[in-house]
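Quick note: the coordinates plus some simple rules give every number you see, no bench work behind them. Since the model is a prediction, treat every value here as computed from it, not as a measurement. Using ideal geometry, Cβ is built from the backbone for each residue, glycine included, and neighbour counts are taken over all protein chains shown.
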Amino acid sequence: MRNRLAAILMAVLLLVYLVLVTQRAIMLIATGEGIAIAMGIALLVLPFIAAWAIGRELLFGARTERLVRQLEAEGNLPVEDLPTRASGRPFREAADEQFPQYRAEVEASPESWRAWFRLGLAYDASGDRRRAREALREAIRLERAETKGARPAD
């Protein structure tokens, strides 16, 4: 819940920033000077790229949260019994010991979004955030394809 509030706060701050920067950009463009116009255009474009990136992250978070709730309802979330540091992060060595189990599950069922999601959680516990995000994105893609295929044709 704390992470969600932090994400919402960041989105609101970005919105305020976009409004203020847009005002400054319009003022720069209105000067009619070449350098000022170029700076004004950059001020208009760059914040929207940042907004797109943040929106993408918020969407990723919402989708992974939905899959967590679904796995939890099914009773398919991995049991979190790893020893942890004071920060709450598991010890990498303990997480690495469980990792082969989740990798084998994906190799046995490469079209299972549930297996990919659990693999993503294992990567995260092992400290490999890049691979964790890749596995979670694959889980989201497979779940969306599964849901789309399950809908009746109109």
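Brief remarks on what is shown
- With q set to 0.25 Å⁻¹, the log10 of I(q)/I(0) for the range 92-150, from the Debye formula over equal scatterers at the Cα positions, is -0.92.
- For the Cα trace of the range 1-82, dividing Rg by the Kirkwood Rh returns an Rg/Rh value of 1.28.
- A simple spin-label model places the labels of residue 4 and residue 58 1.4 nm from each other, with each point 7 Å out along Cα-to-Cβ.
- Kyte-Doolittle mean at least 1.0 and Cα axial length at least 15 Å: DSSP H helices in the chain: 2-30
- Full extension of the chain segment joining residue 42 with residue 84 gains 10.6 nm, where the gain is 0.36 nm per residue of separation less the Cα-Cα distance.
- The value for the chain of Rg(Cα) / (2.2 N^0.38 Å) is 1.43.
- Total formal charge among the other residues, if their Cβ is under 13 angstrom from that of residue 67, Lys/Arg +1 and Asp/Glu -1: +2
- Charge context of residue 124, other residues only, Cβ under 12 angstrom, K/R +1, D/E -1: +4
- Taking every alpha-carbon pair under 8 Å whose residues sit at least 6 apart, the range 92-150 reaches a relative contact order of 33 percent.
- Annotation for residue 16 and residue 73: the two label points, set 7 Å from Cα along the Cα-Cβ direction, are 3.7 nm apart.
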